[in-house]
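The values are calculated or read from the model by the stated rules, or taken from the named source; none is laboratory data. In this text the structure is predicted, and so the values were computed from the model without any measurement. Calculation scope for accessible area: heavy atoms of the full protein, side chains included, ligands and nucleic acids excluded. Shrake-Rupley method; radii C 1.70, N 1.55, O 1.52, S 1.80 Å.
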Amino acid sequence: MKLVAAAKVRRAQEAVINGRPFTEALVELLYTINESLQCEDVDCPLTVIRPVKKVALVVITGDRGLCGSFNSAVIKKAESRISNLKGLGLDYTVISVGKKGNSYFSRKDDVSVERFVEGVGFPTAKEAQMIADDVFSLFVTEEVDKVELVYTKFVSLVKSDPVIRTLLPLSVRGEVFDVNGNCVDAVEDELFMLTTKEGKLAVERDKVRVEGGPISPLMQFEQDPVQILDAMMPLYLNSQILRALQESLASELAARMNAMSNATDNAVELKKNLSIVYNRERQAKITGEILEIVAGAEALT
């Protein structure tokens, strides 16, 4: 299983690394366009920031076990976020992606689940589009006011971190508030991090993303800005969800490779210890039999 995971993880890792520049450049461009259009009367439903009453969590887990704490870590992250939302008095719904997450949330009667999505091996744009359509429908119909991705971010073959990423709305500053004016962005949000400034909480943009050049104020859009945003937002949703699926799969395979490596090392160590115990018992038995023979011979003489 370690060798199989090692063979697959290379392909998954290449997909993650090759896809990151495109998704980061697309996000940077969209944020720049959205920021430059804040002073204009532009109506794009996916950029509308409204008071948050309900949050949709897209939780991405694996389809198989035997990968250490990979699945339990992302589920624990989702449960922590759900508890946080309950503490803020907000409603929520879950879109579960992956058999392990589906099995877990199907047993939780107190968790509202919108839909269960089965994994199909290596992620494809078709699978990502199916999830994006559900997210788009929920947000545009105002059933939810905020959408977050909960998945495992691939860092390296020996490290991966469960993260929460804001997907919608496409905010300029990342500050999304509930009806009472409280910030509902996650503390560990990948895009926007809550920090402290002069003793007060503040939201800052994550500076890990590649900063693109600003759009010139003299630039004129050949098409209507609404048409540009309407054309690019579905691509944004698809690319972000596909990236999350790819990073989750790469993290799962890396975790399985490490888990199977540890299991092999533990089995070798266990075999060694049991061999030592067996040899000691065998030697003790032989020694005991020799002593009995010697004692019998001495008794005869």
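Some notes on this structure:
- Extension gain, residue 271 to residue 35: 0.36 nm times the residue separation minus the Cα-Cα distance gives 78.7 nm.
- Entries in 77/108; 54/159; 76/100; 8/77; 54/153 that, when Cα-Cα distance is taken, lie over 21 Å: 54/159; 8/77; 54/153
- The apolar share of the surface of the range 1-148, taken as the fraction of accessible area on carbon and sulfur atoms (1.4 Å probe, ligands and nucleic acids excluded), comes to 52 percent.
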